[in-house]
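Single-structure report; data block below.
Values in this text are rule-based calculations from the coordinates and carry no lab data. Bear in mind that the values here come from a model prediction, so they are computed numbers and not experimental data. A quick note on method: Cβ atoms are made from the backbone with ideal geometry, for glycine too, and the neighbour counts reach across all protein chains shown.
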Amino acid sequence: MPTYPETTIIQGLARVQRERRLPPQAIPRPVHIVAGQTVDAVTVVLAGDILKRYRILDVGAFFDIRQAQKAAELIEVSEGQRIQVGQELARRGKGRRAKSMLSPVDGQVVRIEDSRIIIQARERTVEIQAKIPGELVSVEPNAVQVAGNGAIIQCAWGNGQFAFRPYRFLPDEGFVGLSKLDVRISEFRHVVIISPAPITKGDLLVAQQQDVAGVVAPSMASNLREFAMQLTFPVLLTEGFGQRRPTELIYTLLQSNMGRQAAFDAAVPDPWSKDRPEIVIPLPSGGTLPPRPALDQPVAVGARVRIIRAPGYGRIGEVVALPDAPQVVGSGLRLPCARVKLPNERVVVVPLANLELLGQTVGPSRADQRT
Amino acid sequence: MAFEHVNSLLVADIGNVHTRLVLIDVVEGQYRLIATSRALTTAAPPLSHVGLGVERAADTMARQIGRGLLSLEADQMFIMPEAGGHGVDEFLATSSAGRPMRVFLVGLTPEISIASGRRALAGTYVTLTDTLSTDDLRSEEQKINAILRDEPDLILIVGGTDDGADDILLDLVKTVQKSLLLLTRGKMPVVLFAGNRALKRQVDDLLSPVTEVYSARNVRPTLADEQIFPAQIELSLVYDDYRTKSPGGFVEIGRHSQVGVVPTAQGLISAVRYLSHLPQKGVGPLVADIGSANSALVAGIKREPHFTIRTDLGMGHSLASALEAITPENVQRWLPFEISVDEMWEYAYNKELRPATVPGTAEELMLEQAFAREILRLLVADARDDWGLGQGDLLPAFRPIIAAGSILTEAQHPGIAALLLLDALQPVGVTELQADPYNLLSSLGVVAFLKPIITVQALEAPGLVNLGTAFSPLGRIQYGQDVMYVQARLADGQIVNHTVRGGEIWMVPALPGDPVELAVKLRGGLTISGRRRFKLKVTAGAAGVIFDGRGRPLVLPRPRDRAARFMQWQLAMMGQRGGPPPSPDAGALLPSLEDLYPTPEEAADANLS
């Protein structure tokens, strides 16, 4: 029976298409882009204001007018109007003796009820970047599709930040060595650091002090999540939390593209969001479109898979057999399994649930057909 | 097709990790579970279409039984109705997948109407964002922000007895109306009104120009009377609507089902309501379901379902929030090895990142089973007030206790599944333990509304797996002292005598399905169902017949004795006595789940023969 495991894309060259979307409550601001346009990773493709808190301002109370109708006549703004802090909302009198009611916030007038003005205050402005260099495939007021070519490495966790920067591997002395460098002339300044070993809070503090553009590591302690979320540069974990062995393929891929700039999108994982933390290294494709990663392939003999649970975590191997009957595994559970040949030629039995595919294209996928 | 003409029925239960399919059909005049299958759920991005998972499970099932199920026609998912040995007459779907519905609750008083509203909401997958009642001292501006801040999907309005005072509740409704009128972007929440019936029309007039308004009978028609069932039925319609409007392809799946996509918990509640009305011993049934994102405990007490659903307790998507609720210190009590608090958190966060994965080592499995025990204990603690139990009171005599969710039903041995239930729930007296590995119960709960005979017959056999009958004496037990003298006459006439000692669990070595005649005598001061001596004939389950001499409440061993005692219990429940602890790969020596749980096909065959 075909089994469809999860997929984490780790590919040397693929066509990457991503949707960038404004949050649903954002009011779009005009951005001058068109479909077909070439964009950089940092090109702002969408912008908008996030309005949140409502403020009720009573014009009658402000001017001490009891009759709502009379107070309403003083209102100078209309429903739907965008306003800025300090902007006049209502005025009584003329000339030097005039008294004005000013907006305490930036925002939008959402409703005028008798003599009351209800404003939704702007909480923040969002600007959404393309995040991968490429071409805008489609453009809508709230969403765009951007596509490019490159190496793609999907990660396990990110802290919500983004950078498009060159990257370097951590020096042999690790973060201790990095801490000894003069930040003004350090070659690691404004560069994303790739650490093949798990990182600590001390390492992140060094990275912050050295003004790096980001950190990629296999794992870190889970109690550093909050701290990492406060950092202004991306932190990407390729494996997860705790002491995790790096997936060799990921670090080989990063090594082989050293010197290039890459998009480090440390999206916070959310099972219900399309965004996944990932690294995209833009690469030329020689005039041909590389294949799109396959997302819903069944596991089959010959497939390259990654083991995502102990024992054997992070190892990549090839499926050599798919036994019909469930197998008893180390936990004592009896589960549908695959026999996986590791690079050292050893064959291990792994539950199908603990394997993931790497996005290799085998044939047209059903998801592609649907979209 | 009208349901009375339905012979074959395909039911999908779409969980957050797995989509399970069960096929029920008529075999020699009786509705029987014919086949089951499952696939990974495909609701989440990048696939975002639950239909793919359902199709895959259906494809697997079709190959198993050689019966075509999937239609080639573009607008039809399944071959319906059944013809020529292919297809099915009807399809139904339940689901617990996806983000819980965010609900803002409005009511007159926190103690009465808000409390009833909360109980009504406990029947589906919701996150309560905030509440508003008459004693709320916040300003109008603050109230409006409270309503809209967390972008609720539903505003539930309850309050007032039927034909009672109306002005105060109407003021609250007007605040809701004002708030909704301010929404110019994003998703407009729907409203469910389940308050004073005299206000229904006015509420409708105020709110239906702004949003979609559902209504249900008052949850508190009188001060003394609480009726949350009609509100729950309406809530399940609202949930179906919410699901169909959410990404994930639920709308397409719902289109093929006569009743849309019903919350799995609602199916369980219906099933327990149905089971509660069957002739029974004990208080009524208890269903414990631990999923990846949500967990539920549904009890039948006085023929009415009482339930607790927690969207923050689960073994996958919600494991970190579950660990926060159950605390690492409590989990540690169930582990025969040391693990640091940090390691526990790391396990939980990693499981959240990859919720579909399974334990790879014996230690990981023990850790997950320890989480499950504590989740169940917390669910019971939550339910205590509702069940009318005081602190320290033992579990009422629920019969049967039914386990659902992979962590409980897919243990390394049925005996371990039974042990998890005994450890976490600590039943007293005689308890039938059952497992629902195919999530049949929620499906049959939905079917019970449409054609009860299907539920009646499909539940009889072989849908639920009988784990076994457990005997747990009430009274003070000392470790090592004699507790029970058991004489068991097995099906082959062999007589087994055993003295169960304090701290021991003993399993009668009987084959699943075999009748066992028991004669039990308890030590002075101990009773089972109020008796010191009794004779009883029971059917051995997949975990035999269980005698739990560990006492109630269960006193866990000291840390230094923990490893040895846990190992004794585990071995006893796997039909092995004593001996050294198993090595990490001891699993290879254990009997398989399939050897002990008959497949539905085998069970159906056995039933027919």
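Quick notes on this one:
- Calculated diffusion of segment B:323-394, Stokes-Einstein form, Kirkwood radius summed over Cα pairs, 20 °C and 1.002 mPa s, µm²/s: 160 µm²/s
- Distance from the alpha carbon centroid of segment B:59-94 to that of segment B:105-184 works out to 44 angstrom.
- FRET E, pair B:H277, A:A300, Förster distance 51 Å, beta-carbon r, rounded to 0.05: 0.55
- Computed over segment A:1-110, the percent of Cα pairs more than 19 Å apart is 66.
- Sequence-separation-based contact order of chain A, relative, with Cα cut under 8 Å and 6+ spacing, percent: 19 percent
- Under the Karplus curve 6.51 cos²θ - 1.76 cosθ + 1.60, θ = phi - 60°, whole-Hz ³J(HN,Hα) for segment B:506-515, x wherever Gly or Pro sits: 10, 10, 5, x, 10, 7, x, x, 7, x
- Based on every Cα atom in segment B:137-217, Rg and the maximum pairwise Cα distance Dmax equal 12.2, 36 Å.
- Think of it as helices only: each DSSP H run of n ≥ 4 in the protein assembly as shown is worth -39500 (n - 2.57), and spread over all residues that comes to -7500 deg cm²/dmol at 222 nm.
- Gain on full stretching of the segment that runs from A:R260 to A:E345 - 0.36 nm per residue minus C-alpha separation: 27.3 nm
- Going from the fewest other Cβ atoms within 10 Å to the most, the residues A:I153, A:I128 appear in the order A:I128, A:I153.
- Taking amide H positions as modeled 1.01 Å from N, with prolines and chain starts lacking one, the residues under 5 Å from B:L92 and 5 or more places away or on another chain are B:L10, B:V11, B:A12.
- Rg and Dmax of segment A:170-327, based on Cα coordinates, read 18.0, 62 Å.
- Cα-based Kirkwood hydrodynamic radius, segment B:53-168, one decimal, Å: 18.1 Å
- With bins 5 Å wide beginning at 0, the percent of Cα pairs of segment A:97-152 falling in each bin runs 4, 12, 14, 13, 10, 9, 10, 7, 8, 5, 4, 2, 1, 0.
- Within segment B:76-198, percent of DSSP bridges classed antiparallel, to nearest 5: 5 percent
- Segment B:99-204, relative contact order in percent, only Cα pairs under 8 angstrom and at least six apart counted: 32 percent
- For the protein assembly as shown, the residue among A:I132, A:F63, B:L169 whose Cα projects farthest onto the positive side of the dipole built from Cβ charges is A:F63.
- Computed log₁₀ I(q)/I(0) - Debye formula, equal Cα scatterers, no solvent, segment A:250-358, q 0.19, 0.21, 0.22 Å⁻¹: -1.12, -1.21, -1.24
- Measuring against 23 Å, Cα to Cα, the residue pairs B:K178/B:K200; B:K281/B:K521; A:K274/B:K143 contain A:K274/B:K143 as the ones spanning a longer distance.
- Karplus-derived 3J(HN,Hα) values for segment B:199-211, using 6.51 cos²θ - 1.76 cosθ + 1.60 with θ = phi - 60°, are 9, 3, 5, 5, 5, 4, 4, 6, 9, 5, x, 9, 8 Hz; glycine and proline are entered as x.
- Annotation: for a label point projected 7 angstrom from Cα along Cα→Cβ of B:K174, residues of segment A:102-131 with backbone N closer than 16 Å are A:113-116.
- For the protein assembly as shown, diffusion coefficient by Stokes-Einstein and Kirkwood Rh (Cα), 37 °C, 0.692 mPa s, µm²/s: 106 µm²/s
- Residues in segment B:415-432 carry Karplus couplings, in order, of x, 6, 4, 5, 4, 4, 5, 5, 5, 7, 9, 6, x, 10, x, 9, 9, 8 Hz; the curve used is 6.51 cos²θ - 1.76 cosθ + 1.60 with θ = phi - 60°, and Gly or Pro positions show x.
- For the residues A:E248, A:E226, A:E127, a GNM of chain A with alpha-carbon springs under 10 Å puts the largest fluctuation on A:E226.
- A P(r) calculated from all alpha carbon pairs of chain A, with 20 Å bins opening at zero, reads 24, 44, 23, 9, 1 percent.
- Length available on full extension from B:L536 to B:R558: 0.36 nm per residue minus the Cα-Cα distance, which gives 4.4 nm.
- Within segment B:445-539, the ratio Rg/Rh, alpha carbon atoms throughout and Rh by Kirkwood, equals 1.12.
- Built amide H within the under 5 Å cut-off of A:E6, gap 5+: A:L357
- With neighbours defined as other Cβ atoms within 10 Å of a residue's Cβ, the residues B:K143, A:K274, B:K245 order from fewest to most as B:K245, A:K274, B:K143.
- Once Rg and the Kirkwood radius are both taken over the C-alpha atoms of segment B:187-237, their ratio Rg/Rh works out to 1.00.
- In chain B, Cα pairs under 8 Å separated by at least six residues give a relative contact order of 11 percent.
- When chain A is treated as a GNM with alpha-carbon contacts under 10 Å, the residue of A:Q243, A:Q11, A:Q261 showing the greatest mean-square fluctuation is A:Q243.
- Its Cα gyration tensor gives segment B:341-444 an equivalent ellipsoid, and the semi-axes of that ellipsoid, as √(5λ) in whole Å with the largest first, are 25, 18, 13.
- Hull volume in cubic angstrom per residue (convex hull over the Cα atoms of segment B:237-276): 64 Å³
- The Cα-based radius of gyration of segment B:1-75, divided by its Kirkwood radius, gives an Rg/Rh of 1.01.
- Cross-link reach list, lysines versus A:K94, counting only Cα pairs under 29 Å and skipping chain neighbours closer than eight places: A:K70
- Nonlocal amide H pairs with A:L231, under 5 Å, H built at 1.01 Å: none
- Cα-based radius of gyration for segment A:289-337, normalised by 2.2 N^0.38 Å, reads 1.39.
- Chain B: translational diffusion in µm²/s, Stokes-Einstein, Kirkwood Rh over Cα pairs, 4 °C, 1.567 mPa s: 51 µm²/s
- Counting other Cβ atoms within 10 Å as a rough exposure proxy, the listed residues B:H5, A:H190, B:H18 run B:H5, A:H190, B:H18 from fewest neighbours to most.
- Debye-sum result for segment B:128-285 in log10 I(q)/I(0), which assumes one identical scatterer on each alpha carbon, at q = 0.10, 0.18 Å⁻¹: -0.44, -1.18
- Label-point gap, in nm, between B:A519 and B:D482 - each point 7 angstrom along Cα→Cβ: 1.5 nm
- Cα-based convex hull volume of segment B:173-216 per residue, rounded to whole Å³: 58 Å³
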